[in-house]
1. Taking region 87-115, which residues are in contact with a strand residue (DSSP E or B) (Cβ under 6 Å, 6 or more places away or on another chain) and not in a strand (DSSP E or B)?
2. Quick one: residue 179 ticks every box in (1) loosely packed, with under 14 Cβ neighbours inside 10 Å; (2) within 23 Å of residue 111 (Cβ to Cβ) except a single one, so which number is it?
3. Return yes or no: is residue 35 in contact with a strand residue (DSSP E or B) (Cβ under 9 Å, 6 or more places away or on another chain), surrounded by 23 or more Cβ atoms within 10 Å (Cβ to Cβ) and either over 24 Å from residue 233 (Cβ atoms) or in contact (Cβ under 8 Å) with a residue 12 or more places away in the chain (or both)?
4. Collect the residues in region 153-164 that are more than 18 Å from residue 45 (Cβ to Cβ) and either part of a loop (DSSP other than H, G, I, E, B) or at pLDDT 95 or above (or both), keeping them in residue-number order.
5. Of the residues 212, 205, which is assigned by TED's automatic domain parsing to the domain that holds residue 257 and either buried (at least 16 other Cβ atoms within 10 Å of the Cβ) or in contact (Cβ under 8 Å) with a residue 12 or more places away in the chain (or both)?
6. Looking only at region 172-188, decide whether some residue is part of a helix (DSSP H, G or I), at pLDDT below 95 and not assigned by TED's automatic domain parsing to the domain that holds residue 236.
7. Kindly evaluate residue 23 against the criterion of being within 16 Å of residue 7 (Cβ to Cβ), touching a residue at least 24 places away in the same chain (Cβ under 8 Å), in the same structural domain as residue 265 (by TED's automatic domain parsing) and touching a helix residue (DSSP H, G or I) at 6+ places or on another chain (Cβ under 8 Å).
8. Just for region 264-285: of the residues that are out of contact with any helix residue (DSSP H, G or I) (no Cβ under 8 Å at 6 or more places or on another chain) and at positive phi, which one is modelled with the highest pLDDT?
C-alpha cells in the first residue's frame, strides 16, 4: 500500500472532548500505521501547550495547531502566523463591549474571561468544542485567567455568548480578514460558540504545507474530524472521515462515517482504510 499522510483532529476525534487520554485501540492503530510507513499528524484547534502532552506521549510525526496557524514537521516549525496586533485589540474590545466571553490562544497557552466557567455550567449539552472548553476549565489543559495574559501574540480568539447578534460589531469590523466560525449547537443549548480565525490559514492550508514539505500528493492524505473547524480539512484531503457524533455539516463533506472516539472509531476506520494490515509473518509493514 502506498504511504499515506494522516491528519487527526483531537477533541471528539482522537480523544473524548477536553481529554488527553487516547483510547488504547487508537494508540495501537497509530503505531501500526506508522510501522507500515504511514505518517500521522495531529490537526487541531488546540494551541501548542495543549497539544504538548499528546506530542510528548505518542509517536506523532508533526502537528497542525491553532486551527492552521502553526505547522510543525517533527520539531521543525514550518508556518507561524499570529493575528495582527491592531486587529486583535479591535476584536477583544468589540467582543468585550458586547458581553461576549473571550478566550485568547497563543503558542504559549490560553487565557479566558472571568465568569466563563459559570456560563458554561448553565449550557445544556453542546458540541465537542464547547465540551472541550468546559473540561479545560475544570481539568489540567492549562487554561489561565485573563488577568494573567502577558500580551504575547494571539493566534485566534474563542468566543462564547448567548446570542449571535452580540458578535455583529466585531464581524462588521473584521470579517473581511477573519472568519467567524460558529460551531453547530443544538438550539436548546442556549449559546453560540466558535472562533475568530485569520483568513490567511485554516486546517486545509496547514495540511497543504505539511504535505508539500514531506513530498506527499494531496490524493494520498486522509483527515479525521468531528466539528465545523474540520470543514477545510475535509475539503483538502484525499479521503475525509467524520465521527458518528460529529457535525452534520461536516458529514456532508466526508467519504464515510466512523464510530465515536470512545467506541474505538479511529481503530475501526484505520482498519477499514487498510492502514493497519498485518503481513502473513505477523509483522506490520
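The values are calculated or read from the model by the stated rules, or taken from the named source; none is laboratory data. From a predicted model like this one, the values you see are computed outputs, not experimental measurements. In this analysis, Cβ positions are derived from the backbone assuming ideal geometry, glycine residues included, and neighbour counts consider all displayed protein chains.
1. The answer is 91, 95, 100, 113.
2. Single failed check for residue 179: (1).
3. On the way: in contact with a strand residue (DSSP E or B) (Cβ under 9 Å, 6 or more places away or on another chain): yes; surrounded by 23 or more Cβ atoms within 10 Å (Cβ to Cβ): no; either over 24 Å from residue 233 (Cβ atoms) or in contact (Cβ under 8 Å) with a residue 12 or more places away in the chain (or both): yes.
No, not satisfied.
4. 162, 163
5. Values: 212 fails: either buried (at least 16 other Cβ atoms within 10 Å of the Cβ) or in contact (Cβ under 8 Å) with a residue 12 or more places away in the chain (or both).
Exactly one residue qualifies, and that residue is 205.
6. Initially, region 172-188 is screened for residues part of a helix (DSSP H, G or I), giving 172-174, 187-188.
If we keep only those that are at pLDDT below 95 as well, we get 187-188.
Next, only the ones that are not assigned by TED's automatic domain parsing to the domain that holds residue 236 stay: 187-188.
Yes.
7. Details: within 16 Å of residue 7 (Cβ to Cβ): no; touching a residue at least 24 places away in the same chain (Cβ under 8 Å): yes; in the same structural domain as residue 265 (by TED's automatic domain parsing): yes; touching a helix residue (DSSP H, G or I) at 6+ places or on another chain (Cβ under 8 Å): yes.
Considered against the rule, which asks whether it is within 16 Å of residue 7 (Cβ to Cβ), touching a residue at least 24 places away in the same chain (Cβ under 8 Å), in the same structural domain as residue 265 (by TED's automatic domain parsing) and touching a helix residue (DSSP H, G or I) at 6+ places or on another chain (Cβ under 8 Å), residue 23 comes out as no.
8. So, considering only residues that are out of contact with any helix residue (DSSP H, G or I) (no Cβ under 8 Å at 6 or more places or on another chain) and at positive phi, the one modelled with the highest pLDDT is 274.
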